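Participant: Have a look at the structure that comes next, please.
The values are calculated or read from the model by the stated rules, or taken from the named source; none is laboratory data. Just so you know, these numbers come straight off a predicted model, no measurement behind them. Cβ coordinates were reconstructed from backbone atoms using ideal geometry, including for glycine residues, and neighbour counts include every protein chain displayed.
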Amino acid sequence: MSAIPVTPVTQEWTLPSRGRVGMLSLIIGECGIFTIFVVAYIYYIGKSLSGPTPQQVLDIPLFNTICLLSSSVTIWLAERQIERGKIKAFAALWALTMGLGIEFIIGTALEWHKLIYLDGLTVRTNLFGTTFYALVGLHATHVVIGLIGLGLILLFTLTGHVSEQHTERIQVFALYWHFVDAVWVVVFTVVYIVGR
Amino acid sequence: MADQTLPIGGSLDITPERSERQTLLEWLQAWVVTVDHKRLGILYVVYSIFFLLVAGAEALCIRIQLMIPNNHFVSPETYNELFTMHGTTMVFLVGMPILFGFGNYLVPLMIGARDMAFPRLNAFSFWLTAFGGLLLYYSFIGGFGLYGMGAAPDVGWFAYAPLTTKPFSVGHATDYWALALIVSGFGTLGTAINIIATTLSMRCKGMTLLRMPLFVWLMLVVSALTLITITPLTAAQVMLLIDRYLGGHFFDAQAGGSAIIWIHFFWIFGHPEVYVLVLPVFGVASEIIPVFSRKAIFGYPAMVAASAGIAFVSLGVWAHHMFTVGMTSVGNTFFVLSTMLVGIPTGIKIFNWLATIWGGKVQFRVPMMFCVAFLFQFLIAGLTGIMLSVAPWDWQLHNSYFVIAHFHYVLVGAIIFNIFAAIYYWFPKVTGKMLSETLGKWHFWLFFIGFHMTFDTMHFVGLLGMPRSIYTYEANRGWNHLNMIVSIGAFIQGIAVLVFAFNMMHSLRKGKEAGNDPWDAWTLEWSTPSPPPEYNFATDPEVYSRRPLWDIKHPDDPDWKYE
């Protein structure tokens with residue numbers, strides 16, 4: 001009665017990494033939030049009752065976009081370095097990624113400064129202001145959260161706490177950064193191409 | 001058979017002896033900073049039962065007010081607060097946390113895992129949810145705001161614009177409502193991520209996806225659905241707060257904004273939310289019905305497919321809440337048809353449960369009684385759902401008590417009934433004590449009679465034209481007697497819940513010892529001692545079929561031979 005039954009076939013038992021599954025789930029959830037903001041933005045294109053309009057005030061942030069998108073490449077290169085255990089190269093590429101992210105935030109800050117003080121566009125001004133600051137701000141918030149993460153990992157790396165065995169954690173975090181970059185492609189298309 | 005210690009886990013109990021009396025610090029250690037999925041599961045359930053009593057009391061106040069025409073039991077303002085808080089509390093502070101509580105407790109045990117994938121995230125999620133509830137109820141004190149007006153939120157649980165804009169919602173009540181839902185929403189999101197990662201990455205050896213108990217499957221589907229359901233609500237609440245605090249215009253019609261887009265956003269969340277609540281209880285029924293029919297579940301793969309199908313279809317039906325908004329006929333037709341489509345996978349489920357009972361040796365213990373009542377009530381709820389999915393019928397009955405009766409048939413008749421079934425079924429595992437069967441039967445019959453008095457009658461009040469959310473009514477409408485019956489039924493349900501609460505407290509102290517496996521069940525959680533030790537399984541279990549305990553109890557005729 002208490003004997004374990006004769007085992008049928010013992011199969012290989014591998015399971016997906018919980019970190020990856022968790023991060024991918026988080027990304028799916030984040031997609032829900034972004035979808036609603038993007039839908040709201042698209043729905044309100046051209047519905048503002050007063051100026052300024054996107055055509056009048058928005059410039060295409062090309063340099064910013066290039067910086068953010070190339071940070072996805074540098075973080076991918078960094079992932080490959082840590083896989084091979086080259087911590088110095090990893091730290092350098094990681095710092096570069098962070099620098100590109102910081103550049104993006106500075107670029108956004110300058111853009112907003114111009115919009116607010118030169119063009120007089122705030123959240124209150126019109127529907128364009130409301131939806132623009134909400135959507136771009138939501139993305140920028142995600143970049144800032146990503147930068148905090150990047151900064152912490154850089155700090156740990158420089159103090160010698162990161163080694164090859166942390167590859168998976170680093171890669172899980174990098175998924176988030178890739179997501180932030182991918183969302184920018186959508187936001188950029190909607191705000192600066194379709195909406196303009 | 002039933003009380004025998006089984007060889008998987010449990011047989012090697014290495015828990016050190018506990019001292020009888022815990023110091024306060026030990027108690028705090030055990031319940032506040034704990035990351036154990038079982039304790040967090042219990043915390044979720046206790047928290048939800050507390051709010052169930054609160055929101056139930058609110059419902060009783062509503063029913064006292066509507067008992068007789070021209071009543072003045074509460075003021076119109078208070079009445080609005082009561083139904084808003086009743087709805088919000090039941091959905092966000094009772095329904096979701098209690099079901100995620102069950103998920104928390106049972107999923108790792110059922111798949112043979114040590115704990116959830118992210119134990120600390122788990123604790124964080126619970127305390128976020130708990131804080132959300134606190135925030136919502138703090139509005140009774142803090143909601144007066146700068147203008148000295150308003151107390152609790154009074155905008156209805158769906159909070160349609162422009163009611164939520166500054167001119168119509170002065171004070172901070174609406175802000176507390178939005179913030180509470182954002183905070184508890186993040187808690188729910190954390191739990192959903194955790195359950196997905198747990199089911200996919202923490203299964204014990206041999207627990208393939210198609211061997212997982214259906215409850216685990218349903219929790220997986222629900223968690224995936226939660227990821228894309230709760231987040232739109234969070235986004236919409238953020239927009240609402242931008243409107244209210246930063247002067248944005250998302251839902252401000254005077255600046256070109258749209259009130260209707262809020263309705264869309266809300267129901268893009270709100271309709272799948274119903275499935276977030278109902279799918280876990282399908283899982284509960286799929287665990288309890290086979291055990292008390294003494295048969296394996298009928299059509300396991302079809303059940304899994306139907307669950308995923310319901311989740312998928314549920315994403316495309318939200319605007320059936322909006323037929324009276326004035327959509328195009330194409331829009332109306334699409335949502336009529338997509339809504340009717342839900343009937344197919346749910347129908348598959350009902351037939352599978354019936355086929356499981358068919359020819360079984362049915363034991364009418366209390367959990368099974370609640371489940372059987374659920375089957376019939378859910379069928380009726382589905383039928384009135386199909387009636388309401390027809391746009392012209394809905395135009396006639398939109399926002400009437402017929403709608404209220406329909407969704408309470410789902411929320412109470414299906415969900416609450418199954419939650420009670422689940423509590424009777426797993427209480428022995430969680431506490432080591434059986435709930436009293438006699439009191440349980442009293443609870444069942446009182447609740448059953450009260451439920452049908454209240455919600456069957458409500459259909460007729462609705463057909464006679466009584467709108468929802470009204471504070472009182474004239475005596476000459478022909479609703480008087482029916483409303484009286486509805487209210488009496490509500491009180492009978494209230495008494496039943498008190499019987500249940502007494503049963504829990506009484507059985508916790510004086511109940512019969514449960515042993516490991518009081519129901520002679522087949523899933524892994526029954527192989528552990530009751531209550532399970534902190535580490536769940538002393539040795540990692542290994543499974544070969546969908547009913548691992550059946551294989552152990554019947555080595556001559558194991559399930560894996562037929563898989």
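Participant: With the condition kept exactly as written, say whether any residue in segment B:167-188 is under 21 Å from B:PHE282 (Cβ atoms), within 14 Å of chain A (Cβ to nearest Cβ) and part of a helix (DSSP H, G or I).
Facilitator: Yes, some residue in segment B:167-188 is under 21 Å from B:PHE282 (Cβ atoms), within 14 Å of chain A (Cβ to nearest Cβ) and part of a helix (DSSP H, G or I).
Participant: In the set A:LEU138, A:LEU115, A:LEU154, which member is within 13 Å of another protein chain (Cβ to nearest Cβ) and in contact (Cβ under 8 Å) with a residue 40 or more places away in the chain?
Facilitator: A:LEU138
Participant: Here's a follow-up. Can you pull out the residues in segment B:532-544 that are within 9 Å of chain A (Cβ to nearest Cβ) and either of a type in the set (Lys, Arg) or assigned to a loop (DSSP other than H, G, I, E, B) (or both)?
Facilitator: Matches in segment B:532-544: B:TYR544 only.
Participant: Moving on. Is it fair to say B:SER139 is at the interface with another protein chain (Cβ under 9 Å from one of its Cβ atoms) and touching a helix residue (DSSP H, G or I) at 6+ places or on another chain (Cβ under 6 Å)?
Facilitator: no
Yes/no per residue for (1) over 24 Å from B:TRP127 (Cβ atoms); (2) within 8 Å of chain A (Cβ to nearest Cβ):
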| residue | (1), (2) |
| --- | --- |
| B:ILE195 | no, no |
| B:ARG203 | yes, yes |
| B:MET212 | yes, no |
| B:THR231 | no, yes |
| B:MET239 | yes, yes |
| B:GLY248 | yes, yes |
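Participant: If you don't mind, another one. Please indicate, with yes or no, whether at least one residue in segment B:398-414 is more than 21 Å from the chain's Cα centre (by Cα), surrounded by fewer than 18 Cβ atoms within 10 Å (Cβ to Cβ) and not β-branched (Val, Ile, Thr).
Facilitator: Checked against the condition, which is being more than 21 Å from the chain's Cα centre (by Cα), surrounded by fewer than 18 Cβ atoms within 10 Å (Cβ to Cβ) and not β-branched (Val, Ile, Thr), segment B:398-414 yields at least one hit.
Participant: Just to be sure I understand, how many residues within segment B:332-368 are surrounded by 15 or more Cβ atoms within 10 Å (Cβ to Cβ) and within 16 Å of B:LEU388 (Cα to Cα)?
Facilitator: Qualifying residue count, segment B:332-368: 10.
Participant: For residues in segment A:26-50 being within 7 Å of chain B (Cβ to nearest Cβ) and of a type in the set (A, V, I, L, M), which is farthest from A:VAL172 (Cα to Cα)?
Facilitator: Residue satisfying both the conditions and the ranking: A:LEU49.
Participant: Another question, if that's okay. Regarding A:ILE42, is this residue more than 17 Å from the chain's Cα centre (by Cα) and modelled with pLDDT of 95 or more?
Facilitator: When the stated conditions are applied, A:ILE42 passes them.
Participant: crowded, with 21+ Cβ neighbours inside 10 Å, assigned to a helix (DSSP H, G or I) and of a type in the set (Asp, Glu) - does that describe any residue in segment B:68-83?
Facilitator: yes
Participant: Taking B:TRP560 as meeting all but one of (1) within 10 Å of another protein chain (Cβ to nearest Cβ); (2) out of contact with any Gly (no Cβ under 6 Å at 6 or more places or on another chain); (3) modelled with pLDDT of 90 or more, write down the number of the exception.
Facilitator: For B:TRP560, the exception is condition (3).
Participant: For segment A:118-135, how many residues meet the condition of being within 13 Å of another protein chain (Cβ to nearest Cβ) and outside any helix (DSSP H, G or I)?
Facilitator: 6
Participant: Go through segment B:229-252 residue by residue and tally those that are surrounded by fewer than 23 Cβ atoms within 10 Å (Cβ to Cβ), of a type in the set (A, V, I, L, M) and either within 16 Å of A:PHE132 (Cβ to Cβ) or free of Cβ contacts under 8 Å to residues at least 12 places away in the same chain (or both).
Facilitator: Matching residues across segment B:229-252 total 3.
Participant: Report yes if B:TYR105 is modelled with pLDDT under 95, under 22 Å from the mean Cα position of the chain (by Cα) and assigned to a helix (DSSP H, G or I), otherwise no.
Facilitator: no
Participant: Can you find a residue that is within 17 Å of B:MET85 (Cα to Cα), at pLDDT below 95 and part of a helix (DSSP H, G or I) anywhere in segment B:141-163?
Facilitator: Yes, that holds for at least one residue.
Participant: Also, quick follow-up: Would you mind stating whether B:MET116 is within 30 Å of A:SER17 (Cβ to Cβ) and among the aliphatic types (A, V, I, L, M)?
Facilitator: yes
Participant: Return the residues of segment A:92-114 that are surrounded by 21 or more Cβ atoms within 10 Å (Cβ to Cβ) and more than 16 Å from the chain's Cα centre (by Cα); say none if nothing qualifies.
Facilitator: A:LEU93
Participant: Could you say which residue among B:TRP395, B:TRP442 is closer than 18 Å to B:GLY56 by Cβ and either more than 22 Å from the chain's Cα centre (by Cα) or part of a loop (DSSP other than H, G, I, E, B) (or both)?
Facilitator: That would be B:TRP442, the only listed residue that is closer than 18 Å to B:GLY56 by Cβ and either more than 22 Å from the chain's Cα centre (by Cα) or part of a loop (DSSP other than H, G, I, E, B) (or both).
Participant: Quick one: is B:ALA306 surrounded by 17 or more Cβ atoms within 10 Å (Cβ to Cβ), part of a helix (DSSP H, G or I) and touching a Lys or Arg at 6+ places or on another chain (Cβ under 6 Å)?
Facilitator: Answer is yes for this residue.
Participant: Now for a different question. Taking A:THR157 as the residue in question, decide whether it is among the polar types (S, T, N, Q), closer than 26 Å to A:LEU62 by Cβ and either surrounded by 16 or more Cβ atoms within 10 Å (Cβ to Cβ) or out of contact with any helix residue (DSSP H, G or I) (no Cβ under 6 Å at 6 or more places or on another chain) (or both).
Facilitator: Criteria not met by A:THR157.
Participant: Do we find that B:THR199 is part of a helix (DSSP H, G or I) and under 26 Å from B:ARG547 (Cα atoms) in this structure?
Facilitator: So B:THR199 passes the test.
Participant: Find the residue count for segment B:395-422, including only residues that are free of Cβ contacts under 8 Å to residues at least 40 places away in the same chain and under 30 Å from B:LYS510 (Cα atoms).
Facilitator: Adding up the residues that qualify gives 1.
Participant: Checking the structure you have, find out if any residue of segment A:75-84 is in a helix (DSSP H, G or I) and within 14 Å of chain B (Cβ to nearest Cβ).
Facilitator: No; the residues of segment A:75-84 include none that is in a helix (DSSP H, G or I) and within 14 Å of chain B (Cβ to nearest Cβ).
Participant: Scan segment B:386-427 residue by residue and report those that are closer than 27 Å to B:PRO290 by Cα and of a type outside the set (A, V, I, L, M, F, W, C).
Facilitator: Scanning segment B:386-427 gives B:HIS408, B:TYR409, B:GLY413, B:ASN418, B:TYR424, B:TYR425.
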